[in-house]
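The structure appears right after this line, and notes come after that.
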Amino acid sequence: MSQRFSVSAINQYRRGQLMDLMADRHWDSILLYGQGWRKDYFRSLVNVNYSGPYAAAHLDRAGEITIWFSDPWDRDLVSDAREFAGVLPRASAVAGLELMEIGMVPGSPASATADLEELRRVKTPEEIECLRAAASLADRGYQHFADSIKLGMHEFELVAEVEGFLKDNGAEDNFMLIASGGTEVVGMKPPTERQLQPGDSVITELTPCVNGYYAQICRTLVLGEPSKEQMKSFEIFHEAQQAAQDLIKPGVRASDVARAQNDVFRKYGYGDYTGAKYTRVRGHCLGLFPDETPHILEDVDYVLKENMVVIAHPNTYLPLAGYMVFGDSTLITATGNELLNKAERKLFLKDI
């Protein structure tokens with residue numbers, strides 16, 4: 001179905017930016033495409049959640065917006081994609097073009113994906129308030145995680161408990177990873193049937209979504225008395241994350257934030273564990289998608305800007321005590337940064 005919108009769901013500031021972009025590029029229109037996992041391009045302009053596999057918003061140079069949703073009950077995604085493609089108009093450019101199936105877009109539009117991602121990186125005051133609410137819910141969710149965890153619990157039981165808490169308290173969605181154990185743990189993953197044991201490091205990444213916007217918290221908890229190796233490992237992680245946190249401000253490059261973290265690991269002789277074999281990123285941006293670009297890596301030469309929201313997290317494996325995580329959602333201010341998460345910045349311990 002399609003309809004015209006003139007409601008508060010439309011991000012008027014983004015509409016103005018997109019119209020300026022169209023004028024600059026001599027485009028007649030932009031199509032913003034969304035699908036089940038990547039709703040962010042669509043919701044950049046029309047912040048309405050949807051249940052179906054596809055959605056699209058068409059913006060023309062007069063500022064008129066038309067939107068389409070596919071039927072949420074249609075389980076034949078192939079035929080549904082063809083039917084959905086059949087109603088889409090020609091557009092000069094598409095944001096989210098790379099996500100669309102071959103033949104889904106009429107004509108040969110330009111990609112507006114990178115342009116829209118750049119516009120989204122600097123958040124409006126309204127977007128920042130959504131991210132504050134999501135960060136506050138992440139704090140409460142992690143406290144519920146720490147309160148609920150107990151020996152013998154399956155990982156999936158703990159995740160279900162936290163997911164239920166977040167949804168009961170207003171989360172539209174939540175991206176969550178977990179892992180438990182010792183030096184054999186080399187990364188986070190979806191929950192398994194593993195039962196929690198004494199001495200486990202239990203690591204998690206919570207990313208609840210409020211009104212379309214995701215904020216993230218990364219913490220590590222030890223069940224019982226922590227070992228010397230666990231304590232030493234977390235001290236290194238804390239120092240690495242603090243080095244990044246102290247550096248983040250407008251004008252600093254993403255590569256420098258990554259290097260500040262990695263240099264701490266190198267100082268302690270763990271430089272071999274800063275590469276892609278043991279860690280994916282040293283952080284990333286946050287917003288309408290839980291893993292927005294630019295990523296915080298030593299080869300990403302991007303200058304951070306005021307009102308971006310990022311997380312710096314030295315999440316990696318160390319042979320001392322296995323994989324650990326630590327990080328907070330951070331608003332870049334005019335002179336530095338502000339932690340949006342207020343949860344204690346420590347190694348959490350749970351008596352058994």
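The values are calculated or read from the model by the stated rules, or taken from the named source; none is laboratory data. It should be emphasised that the depicted structure is a prediction, and the values quoted were computed from it without experimental measurement. Because the Cβ atoms are built from the backbone with ideal geometry, glycine has one as well, and the counts that use them run over all protein chains shown.
List the number of the failed condition for A134; all other conditions in (1) assigned to a helix (DSSP H, G or I); (2) touching a residue at least 24 places away in the same chain (Cβ under 8 Å); (3) not assigned by TED's automatic domain parsing to the domain that holds E172 hold.
Checking A134 against (1) assigned to a helix (DSSP H, G or I); (2) touching a residue at least 24 places away in the same chain (Cβ under 8 Å); (3) not assigned by TED's automatic domain parsing to the domain that holds E172, the one that fails is (3).
In the range 249-272, which residues are farther than 22 Å from P319 by Cα and touching a helix residue (DSSP H, G or I) at 6+ places or on another chain (Cβ under 6 Å)? Spell out the reasoning first.
Within the range 249-272, the first condition is being farther than 22 Å from P319 by Cα, and the residues that meet it are 249-257.
Residue satisfying the conditions is V257 alone.
Which one is nearest to G86 (Cα to Cα), of the residues in the range 97-127 that are at pLDDT below 95 and among the small types (G, A, S)?
Selected residue: G103.
Could you run through the range 164-218 and say how many residues are of a type in the set (S, T, N, Q), surrounded by fewer than 23 Cβ atoms within 10 Å (Cβ to Cβ) and in contact with a Cys (Cβ under 9 Å, 6 or more places away or on another chain)?
The initial filter retains those residues of the range 164-218 that are of a type in the set (S, T, N, Q), namely 169, 174, 180, 183, 192, 195, 197, 201, 204, 207, 211, 216.
Those left that are additionally surrounded by fewer than 23 Cβ atoms within 10 Å (Cβ to Cβ): 169, 174, 183, 192, 195, 197, 211.
If we keep only those that are in contact with a Cys (Cβ under 9 Å, 6 or more places away or on another chain) as well, we get 174, 211.
Matching residues across the range 164-218 total 2.
As an exercise: evaluate N262 against (1) crowded, with 23+ Cβ neighbours inside 10 Å; (2) within 29 Å of D147 (Cβ to Cβ) and give the number of the one condition it does not meet.
For N262, the failing item is (2).
Just to verify a result, which residue in the range 286-300, among those that are of a type outside the set (A, V, I, L, M, F, W, C) and in a loop (DSSP other than H, G, I, E, B), is nearest to the chain's Cα centre (by Cα)?
First, the residues of the range 286-300 that are of a type outside the set (A, V, I, L, M, F, W, C): 287, 290-295, 298-299.
Filter once more, so that each one left must be in a loop (DSSP other than H, G, I, E, B): 287, 290-291, 293-295, 298-299.
On the way: G287: 7, P290: 1, D291: 3, T293: 9, P294: 11, H295: 11, E298: 19, D299: 20 Å.
Here the residue is P290.
Taking strands (runs of 3 or more DSSP E) that fall entirely within the range 28-75, which contain at least 3 residues that are under 25 Å from the mean Cα position of the chain (by Cα) and of a type outside the set (G, A, S)? Write out each step before concluding.
Working: elements: 29-35, 54-60, 65-69.
Once the strands (runs of 3 or more DSSP E) in the range 28-75 are filtered for at least 3 residues that are under 25 Å from the mean Cα position of the chain (by Cα) and of a type outside the set (G, A, S), what remains is 29-35.
Determine, yes or no, whether S233 is surrounded by fewer than 20 Cβ atoms within 10 Å (Cβ to Cβ), in contact (Cβ under 8 Å) with a residue 40 or more places away in the chain and assigned to a helix (DSSP H, G or I).
no
From the list K232, K249, K189, which residue is assigned by TED's automatic domain parsing to the domain that holds F289, over 26 Å from K277 (Cβ atoms) and among the basic types (K, R)?
On the way: K232 fails: over 26 Å from K277 (Cβ atoms); K189 fails: over 26 Å from K277 (Cβ atoms).
So the residue among K232, K249, K189 that is assigned by TED's automatic domain parsing to the domain that holds F289, over 26 Å from K277 (Cβ atoms) and among the basic types (K, R) is K249.
Can you pull out every residue in the range 164-215 that is touching a helix residue (DSSP H, G or I) at 6+ places or on another chain (Cβ under 7 Å) and assigned to a loop (DSSP other than H, G, I, E, B)?
Residues satisfying the conditions are N169, G170, A171, P191, T192, E193, R194, N211, G212, A215.
So L297 clears everything in (1) of a type in the set (A, V, I, L, M); (2) within 19 Å of R132 (Cα to Cα); (3) in contact with a Ser or Thr (Cβ under 9 Å, 6 or more places away or on another chain) except one condition, right? Which one?
Unmet condition: (2).
Using the structure shown, decide if G283 is assigned by TED's automatic domain parsing to the domain that holds A179, within 27 Å of G96 (Cβ to Cβ) and touching a strand residue (DSSP E or B) at 6+ places or on another chain (Cβ under 6 Å). Lay out the reasoning, then the answer.
Values: assigned by TED's automatic domain parsing to the domain that holds A179: yes; within 27 Å of G96 (Cβ to Cβ): yes; touching a strand residue (DSSP E or B) at 6+ places or on another chain (Cβ under 6 Å): yes.
The answer is yes for G283.
Filter the range 165-210 down to the residues that are under 28 Å from R120 (Cβ atoms), touching a Gly at 6+ places or on another chain (Cβ under 9 Å) and either of a type in the set (G, A, S) or at pLDDT below 95 (or both) and list them by number.
Selection gives A171 alone.
Quickly run through the range 84-117 and pick out the residues that are surrounded by fewer than 14 Cβ atoms within 10 Å (Cβ to Cβ) and part of a helix (DSSP H, G or I).
G86, V87, E98, A114
Quick check on the range 276-327: of everything there that is out of contact with any helix residue (DSSP H, G or I) (no Cβ under 9 Å at 6 or more places or on another chain) and more than 19 Å from A138 (Cβ to Cβ), which residue is surrounded by the fewest Cβ atoms within 10 Å (Cβ to Cβ)?
Looking at the filtered set, the residue picked out is A276.
Between a first residue in the range 175-198 that is more than 11 Å from V159 (Cα to Cα) and a second residue that is hydrophobic (A, V, I, L, M, F, W, C) and outside any strand (DSSP E or B), which pairs have beta carbons less than 6 Å apart while being 6 or more apart in sequence or on different chains?
That search, which allows pairs on different chains as well, returns S180/L196; L196/L151; L196/M153; P198/I352.
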